[in-house]
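The values are calculated or read from the model by the stated rules, or taken from the named source; none is laboratory data. Nothing here was measured: the structure is a model prediction, and the numbers come from that model. A quick note on method: Cβ atoms are made from the backbone with ideal geometry, for glycine too, and the neighbour counts reach across all protein chains shown. Just so you know, the surface numbers come from the protein's heavy atoms only, side chains and all, with ligands and any DNA or RNA stripped out. Shrake-Rupley method; radii C 1.70, N 1.55, O 1.52, S 1.80 Å.
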Amino acid sequence: MKSPMRACVGDVTLALMQRILAIDDDPAVTSVLKRGLAYEGFAVDTAGNGADGLAIARERPPDAVILDVMMPGLDGLEVLRRLRAADAQLPVLLLTAKDAPADQVHGLEQGADDYVVKPFTFEVLVARVRALLRRRDADRPPVLHFAGLALDLGTRRARRGEREIDLTSTEYDLLRQFLENPRRVLPKDVLMDRVWGYDFGGNTNVLEVYVKQLRQKLESEGEPRLIHTLRGTGYVLREA
């Protein structure tokens, strides 16, 4: 199996994985996608209908979505519209048996980033997904900002106002998650999966330690708190 990018903190090996959400009412398709994408080093969620897919996207925000067009209930284009309303930059690849050029054009005009026709070759599909993720990363601003806090993605340095903040590798990854999702509640298991990328067995002590360290650095000169705890749920980056 191909290994995802890894970073070490102490004696713990940490895997940084991008998350893909596959929504298709054919369990054979979602099974193939889950196994294949996991083999390629992605974290994978699957859903058999649009409503479940949207619920998963809210609970565990994906880096990209593979979306079937023809599904009962909420069809793929309606799911696409709702995903776009929540995150205009989320890469979405439509997967469908409709191969007419007019159908492809319609899907792209509705906001999809790419279109793959069934039956598909998995190697082609995963190459398309990787291309969408590279494009998304290239389009991201080099510096993330929120309420006087800035994180330079190139130098991996943070500033609060005029004060520069030194970050460890894990503190950087954690702060980046918050700054990419301002005012959005991030459950603890989502943060653990996105920053650490391994099965932590429900033990969130490591996350709590790093949040505490990050707060100390962000608030070392008496600045107001930006990372807030939602007891029993997770954390959110917002102004007091």
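Taking label positions 7 Å along the Cα-Cβ direction at both E59 and R225, the computed distance is 2.7 nm, reported to one decimal. When the Gaussian network model of the chain links Cα atoms closer than 10 Å, the mean-square fluctuations of A38, A131, A47 top out at A131.
The alpha carbon radius of gyration of the chain, expressed as a multiple of 2.2 N^0.38 Å, is 1.08.
Sorting H228, H145 by solvent-accessible area of protein heavy atoms yields H145, H228, largest first, with a 1.4 Å probe. Modelled this way, with points 7 Å down the Cα-to-C-beta line, the labels at A28 and V143 are 5.4 nm from one another. Here the chain has 51 percent of its accessible surface on carbon and sulfur atoms, given a 1.4 Å probe and all protein chains in place. Within the straight-line cut-off of under 16 Å between alpha carbons, the lysines reachable from K34 are K2, sequence neighbours fewer than 8 places apart in one chain being disregarded. Projected label points at T155 and V206, each 7 Å from Cα along the beta carbon direction, are separated by 3.0 nanometres. Estimated from helical segments only, the mean residue ellipticity of the chain at 222 nm is -11500 deg cm²/dmol, where each DSSP H run of four or more residues counts as -39500 (n - 2.57).
Against the chain, whose longest principal axis comes from its Cα atoms, helix 122-139 is set at around 40 degrees. Rolling a 1.4 angstrom probe over the protein heavy atoms, how many square angstrom per residue are accessible across the chain? On a per-residue basis, 50 Å². Full extension of the chain between R215 and D189 yields a length gain of 7.4 nm, computed as 0.36 nm times the residue separation minus the alpha carbon distance. Taking only C-alpha pairs under 8 Å that are 6+ residues apart, what is the relative contact order of the chain in percent? In percent, rounded to a whole number, it is 15.
For segment 83-159, the relative contact order works out to 22 percent when only alpha carbon pairs closer than 8 Å and six or more residues apart are counted.
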